[in-house]
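The values are calculated or read from the model by the stated rules, or taken from the named source; none is laboratory data. Being a predicted model, the structure only gives us computed values, none of them experimental. Heavy atoms of the whole protein, side chains included, go into the accessibility calculation; ligands, DNA and RNA do not. Shrake-Rupley method; radii C 1.70, N 1.55, O 1.52, S 1.80 Å.
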Amino acid sequence: MRRAYDYYPTTEANAVWGLLTQTPVQFSGDVLECCSGQHHITRVLQQSSLFTRVWTNDIQSTFDADFHENVTLSSAWAQLPEVDWVITNPPFSHALPILQQALSHARLGVALYLRLSFWEPTFKSRARHAHHRGPFLRDHCPTGFMPLSRISHTDDGHTDSSTCAWFVWEKQTTRQWHHVLMLDQDYSLAEHT
């Protein structure tokens, strides 16, 4: 049984630190965590001191957030502040529409924590929430890609059955990069300054 709102948090802070410290991306400015849940990613973004302001949004009003908008809808983004970056772990079943809206909204780029299967160029599906990623991914190839060691998304120490990765779309670059992130190392900013 799937969790309500497809809520599988990024409980491993090191996964976020790896994104911020082990890529060629120069993260800065204002950032929006648009599916912030219980702030697992948000806390690391704030601790990093790389961002001027960290904004939060979550569709569930039971979670503390600056906004409670449905970020699959373009009308919701008009209610959110302009930002340089969107960094989030979206519900996988709604990742494509969230990515499409985030790319239109962010000035510098988007980083999404997704199942590795997001890279599969789906076209037709009978699945209720399936979105046709193939044409979109062909036209909007990520500039960066970072697969991670498997982590627990359920706070019980059991890892997920699928591998996840950071997919990054930088707007002002032509470079392509990839990096494999092994979570048995400490990637916190303090370790790399």
Contour excess over end-to-end distance, with Cα ends at Thr62 and Ser28 and 0.36 nm allotted per residue: 9.3 nm
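Please list Arg175, Arg138, Arg115 in order of solvent-accessible area, largest first, computed with a 1.4 Å probe with all protein chains present. Each step should come with its number before you reach the end.
On the way: Arg175 90, Arg138 160, Arg115 70 Å².
Listed by decreasing accessible area, they come as Arg138, Arg175, Arg115.
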Per q in 0.13, 0.15, 0.20 1/Å, what log10 I(q)/I(0) does a Debye calculation on the alpha-carbon atoms of segment 9-85 return? -0.39, -0.51, -0.88
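Ordering Leu32, Leu73 from largest to smallest accessible area (1.4 angstrom probe), what's the sequence?
Leu73, Leu32
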